[in-house]
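Got a structure for you, questions after.
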Protein chains: 2
Amino acid sequence: MDGRMGAISPPGRLAEPAEGISPEELALATRNHGMPLESLRYDLTPPGLHYVLVHYDIPAADAHTWALTLGGRVRTPLTLDMAALRSFPSATHRVTMECAGNGRARLTPRPVSQPWLVEGIGTAEWTGVPLRTLLAACGVAPGSVEVVFTGADHGLERGVEQDYRRSLPLEVATGRDPEVMVAYAMNGAPLPPQHGYPLRLVVPGWYGMAQVKWLRDITVIDTEFTGFQQQVAYRYRQAADDPGEAVTRIAPRALMVPPGFPDFMSRTRVVRPGPHFLEGRAWSGLAPVVRVEVSTDASRGWYDAELDVPPHGHDWAWRHWQAPWTATPGTHVLSVRATDAEGNSQPLEQSWNRGGFGNNLVQRVEVLCEAAASPEDGDPGTADAAGHTESPTRSGTGTRSGHGS
Amino acid sequence: MDGRMGAISPPGRLAEPAEGISPEELALATRNHGMPLESLRYDLTPPGLHYVLVHYDIPAADAHTWALTLGGRVRTPLTLDMAALRSFPSATHRVTMECAGNGRARLTPRPVSQPWLVEGIGTAEWTGVPLRTLLAACGVAPGSVEVVFTGADHGLERGVEQDYRRSLPLEVATGRDPEVMVAYAMNGAPLPPQHGYPLRLVVPGWYGMAQVKWLRDITVIDTEFTGFQQQVAYRYRQAADDPGEAVTRIAPRALMVPPGFPDFMSRTRVVRPGPHFLEGRAWSGLAPVVRVEVSTDASRGWYDAELDVPPHGHDWAWRHWQAPWTATPGTHVLSVRATDAEGNSQPLEQSWNRGGFGNNLVQRVEVLCEAAASPEDGDPGTADAAGHTESPTRSGTGTRSGHGS
């Protein structure tokens with residue numbers, strides 16, 4: 001794309017060695033957001049805490065007038081409104097989603113795009129119609145190879161004006177496990193606008209780019225789909241001219257609830273000396289997670305965490321883990337890593353690709369262990385039995401001196 | 001605070017002239033998030049799109065065991081569980097909230113903190129018990145001057161370990177308009193975790209720092225509260241040693257839904273030539289907004305927008321506005337500004353303070369107006385009747401060539 005459109009939509013680039021986060025990356029970060037890691041405490045992520053990545057704008061959408069078209073190499077093209085969709089038998093799956101670019105902002109050099117640290121995650125129960133049910137209803141023609149999904153979100157990206165559009169191989173689209181769904185509910189409620197209201201694709205085990213939101217069209221084709229999001233973006237490549245490999249399933253990752261409490265600005269954690277339980281979640285889109293290990297000495301030694309096996313078999317959702325840790329005064333680097341049933345695990349050194357995709361570097365949580373401020377450090381009137389303090393200023397004194405007076 | 005705790009919690013600072021957004025600012029931006037501006041289309045912001053600012057962690061909270069204590073200079077201290085709170089007569093108010101630091105990241109020099117652009121906003125209907133009802137139930141003692149509110153969120157900030165804690169003058173706390181509330185519902189549902197579940201304070205017309213979340217204690221005092229968030233943070237000051245003035249009510253602001261569609265990375269907007277309706281919202285915590293003006297020539301000329309007067313009198317919520325605009329090919333800078341009934345308006349040049357508070361600089365939206373790519377620029381098969389295109393690559397061809405074949 002040339003001219004003025006090209007000028008506002010330049011090619012991808014890598015950040016310079018000492019380049020801070022740019023205004024453009026910040027503009028993406030203030031719109032899209034991760035899941036605050038303390039939310040790892042919830043089995044199901046509340047919608048407002050689940051990560052969100054929207055390439056363009058959230059489209060205006062009305063479930064009353066929404067139509068999903070199914071066509072291409074099918075016997076009977078269909079146009080379904082929401083009532084028609086709901087008339088098909090439904091399925092519900094608990095699915096952990098992760099942005100393919102999660103971890104990108106920690107890479108060196110940093111690919112300039114949505115600047116995720118490690119929070120581009122979330123888990124929800126999605127309810128909808130299995131895709132293979134819909135494809136069976138329209139009758140896929142012999143010789144078909146892929147299914148293309150088009151969202152209502154429209155924009156310009158790296159010089160290409162487009163609707164957001166992705167494909168799946170026919171055998172994935174019609175598979176039973178994972179069961180791909182056209183979903184209309186998240187955690188039992190209509191989809192929130194930012195998660196695709198009123199309809200989205202859910203592809204358990206795959207990174208977020210496959211989960212097309214605001215789904216308006218499904219087209220069966222007999223060739224390989226060559227759309228931008230398939231052949232240009234979302235490829236593992238080392239150089240800009242490398243054709244690369246497609247980004248597909250989620251690599252294993254474990255994350256912990258950062259223990260203790262944070263400093264507002266540095267986000268460094270503070271814990272009290274003594275016994276703690278570290279806890280978090282672990283997942284893999286390649287195979288069930290079977291082992292989680294914890295390190296409390298900057299990845300030198302590792303010990304096994306206790307891993308929950310979910311009672312109802314949520315193969316595509318994260319698993320809870322916990323591990324004891326006795327904190328001693330000083331600074332500590334805590335880490336956790338997951339291994340799945342196929343032996344996939346997480347690296348201690350970054351593996352790099354030009355898009356910053358599929359990163360699953362082991363998490364590092366820096367923690368300062370220090371006893372609570374003793375009364376002589378502040379004002380005894382400001383510390384109550386629950387250990388709530390406000391020191392070293394005398395702030396808070398007003399509150400406490402008011403008690404009972 | 002000295003030593004290791006002080007080292008991880010340094011004083012506030014200003015960014016160096018060419019300093020990009022720092023890793024610490026990014027860590028805040030990936031947790032907290034703004035309201036994507038296309039969400040200005042909604043009268044009420046869905047919870048997952050409403051801005052969120054959490055100083056420390058979102059506390060684990062259970063409504064079944066939550067207790068709100070009321071004490072200090074009162075006749076009858078009270079401890080209320082959620083059922084007891086719900087037994088009081090309730091009120092519901094539609095309130096626009098804005099973070100006091102909204103706009104901070106565009107300031108020069110930039111105060112290093114949560115790096116808001118302009119999205120730190122949202123509007124919700126909050127339901128709860130008027131605070132004056134609760135204060136009447138416990139009986140405020142003569143000579144009381146302030147009411148202190150304590151949240152369950154605990155952290156370290158600029159060297160001070162604290163629970164988040166703010167005060168209001170007694171006359172504001174007991175006022176009828178705005179009616180301060182202890183809220184347990186947002187848009188008719190329980191509060192989401194990130195908005196204060198199960199209880200928060202709502203102070204209509206005030207910036208977000210007053211809206212204490214995870215509210216666990218209310219204490220009446222007879223002195224001026226000197227807590228960190230009152231006397232150290234959230235002050236308008238020009239220098240670090242300036243005592244400054246308290247940040248209180250929201251300055252007027254208007255924002256527009258950015259027209260057209262965006263480029264993914266630069267976020268620059270593209271519109272087609274021809275007639276458009278610009279629209280958005282405008283609000284002020286000082287007085288009702290009475291005028292909204294639009295500029296389409298980089299703030300040289302201004303014309304009046306049509307301003308909706310809400311039918312049910314939502315004095316503390318934003319008002320919708322719209323204005324026609326005929327786009328011609330080329331680049332344009334669109335702006336909008338609000339004026340309230342007391343004559344307060346928005347500056348064209350930044351006014352600066354060390355915390356980056358109360359900013360209401362006029363919004364600038366850069367727009368490129370260009371006709372849709374003509375068929376010869378790409379593949380005619382990739383453009384459909386709705387103007388959906390994917391050009392200049394041949395991507396998408398696969399989809400369309402599949403139609404009817």
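Name the residue that is nearest to B:G356 (Cα to Cα), counting only residues in region B:13-33 that are within 8 Å of chain A (Cβ to nearest Cβ) and touching a strand residue (DSSP E or B) at 6+ places or on another chain (Cβ under 7 Å).
Per the criteria, the residue is B:I21.
Of these, B:V172, B:V203, which one is surrounded by 23 or more Cβ atoms within 10 Å (Cβ to Cβ) and either more than 13 Å from every other protein chain (Cβ to nearest Cβ) or in contact (Cβ under 8 Å) with a residue 60 or more places away in the chain (or both)? Quick ask: steps written out before the conclusion?
Working: B:V172 fails: surrounded by 23 or more Cβ atoms within 10 Å (Cβ to Cβ).
Being surrounded by 23 or more Cβ atoms within 10 Å (Cβ to Cβ) and either more than 13 Å from every other protein chain (Cβ to nearest Cβ) or in contact (Cβ under 8 Å) with a residue 60 or more places away in the chain (or both) holds for just one of B:V172, B:V203, which is B:V203.
Within region B:142-169, track down each residue that is of a type in the set (A, V, I, L, M, F, W, C) and at the interface with another protein chain (Cβ under 7 Å from one of its Cβ atoms).
Once the filter is applied, which keeps residues that are of a type in the set (A, V, I, L, M, F, W, C) and at the interface with another protein chain (Cβ under 7 Å from one of its Cβ atoms), region B:142-169 yields B:V148, B:L156, B:V160.
Regarding region A:30-43, can at least one residue be identified that is hydroxyl-bearing (S, T, Y), in a loop (DSSP other than H, G, I, E, B) and in the same structural domain as A:D57 (by TED's automatic domain parsing)? Please lay out each step first, then the result.
Start the filter on region A:30-43 by keeping residues that are hydroxyl-bearing (S, T, Y), which leaves A:30, A:39, A:42.
Subset that is in a loop (DSSP other than H, G, I, E, B): A:42.
Then drop every residue that is not in the same structural domain as A:D57 (by TED's automatic domain parsing), which leaves A:42.
Yes, there is a match, as at least one residue in region A:30-43 is hydroxyl-bearing (S, T, Y), in a loop (DSSP other than H, G, I, E, B) and in the same structural domain as A:D57 (by TED's automatic domain parsing).
Does B:E25 meet the test of being part of a helix (DSSP H, G or I), at pLDDT 95 or above, within 30 Å of B:W321 (Cα to Cα) and under 21 Å from the mean Cα position of the chain (by Cα)? Show your work before the answer.
Details: part of a helix (DSSP H, G or I): yes; at pLDDT 95 or above: yes; within 30 Å of B:W321 (Cα to Cα): no; under 21 Å from the mean Cα position of the chain (by Cα): yes.
No: the conditions fail for B:E25.
In region A:51-68, which residue that is facing chain B (nearest Cβ under 8 Å) and part of a loop (DSSP other than H, G, I, E, B) is farthest from A:S113 (Cα to Cα)?
Step by step, filter region A:51-68, then rank; the result is A:A60.
Inside region B:267-311, can you point out the residues that are assigned to a loop (DSSP other than H, G, I, E, B) and β-branched (V, I, T)?
B:T268, B:T296, B:V309
Return yes when B:V271 is among the β-branched types (V, I, T) and more than 14 Å from chain A (Cβ to nearest Cβ) and no when it is not. So that I can check it myself, show each step before the final result.
Details: among the β-branched types (V, I, T): yes; more than 14 Å from chain A (Cβ to nearest Cβ): no.
Considered against the rule, which asks whether it is among the β-branched types (V, I, T) and more than 14 Å from chain A (Cβ to nearest Cβ), B:V271 comes out as no.
Taking into account only those residues within region A:312-335 that are out of contact with any Lys or Arg (no Cβ under 9 Å at 6 or more places or on another chain) and in a strand (DSSP E or B), which is surrounded by the fewest Cβ atoms within 10 Å (Cβ to Cβ)?
A:T326
Show the residue pairs meeting these rules: Cβ distance below 8 Å; 6+ apart or different chains; first residue within region A:38-64 and closer than 23 Å to B:R267 by Cα; second residue of a type in the set (K, R) and in a loop (DSSP other than H, G, I, E, B).
Pairs found: A:V54/A:K213.
One residue is enough: does region A:148-165 have a residue meeting the conditions over 30 Å from A:P17 (Cα atoms) and either surrounded by fewer than 19 Cβ atoms within 10 Å (Cβ to Cβ) or basic (K, R) (or both)?
Within region A:148-165, one or more residues are over 30 Å from A:P17 (Cα atoms) and either surrounded by fewer than 19 Cβ atoms within 10 Å (Cβ to Cβ) or basic (K, R) (or both).
If you don't mind, there's one more thing I want to ask. Return the residues of region A:102-130 that are more than 22 Å from A:L40 (Cα to Cα), touching a Leu at 6+ places or on another chain (Cβ under 8 Å) and part of a loop (DSSP other than H, G, I, E, B); say none if nothing qualifies.
Once the filter is applied, which keeps residues that are more than 22 Å from A:L40 (Cα to Cα), touching a Leu at 6+ places or on another chain (Cβ under 8 Å) and part of a loop (DSSP other than H, G, I, E, B), region A:102-130 yields A:P109, A:R110, A:V112, A:S113.
If A:T79 passes every condition in (1) surrounded by fewer than 18 Cβ atoms within 10 Å (Cβ to Cβ); (2) in a loop (DSSP other than H, G, I, E, B) but one, which one does it miss?
(2)
Now a separate question. Within the set of pairs 6 or more residues apart or between chains, which connect a residue that is more than 7 Å from chain A (Cβ to nearest Cβ) and of a type in the set (A, V, I, L, M, F, W, C) inside region B:222-239 to a residue that is in a loop (DSSP other than H, G, I, E, B) and surrounded by fewer than 19 Cβ atoms within 10 Å (Cβ to Cβ) with Cβ atoms less than 6 Å apart?
That search, which allows pairs on different chains as well, returns nothing.
The values are calculated or read from the model by the stated rules, or taken from the named source; none is laboratory data. The structure presented is a predicted model; accordingly, all values stated were derived computationally and were not measured. Cβ sites come from the backbone with ideal geometry, for glycine too, and all protein chains shown count toward neighbours.
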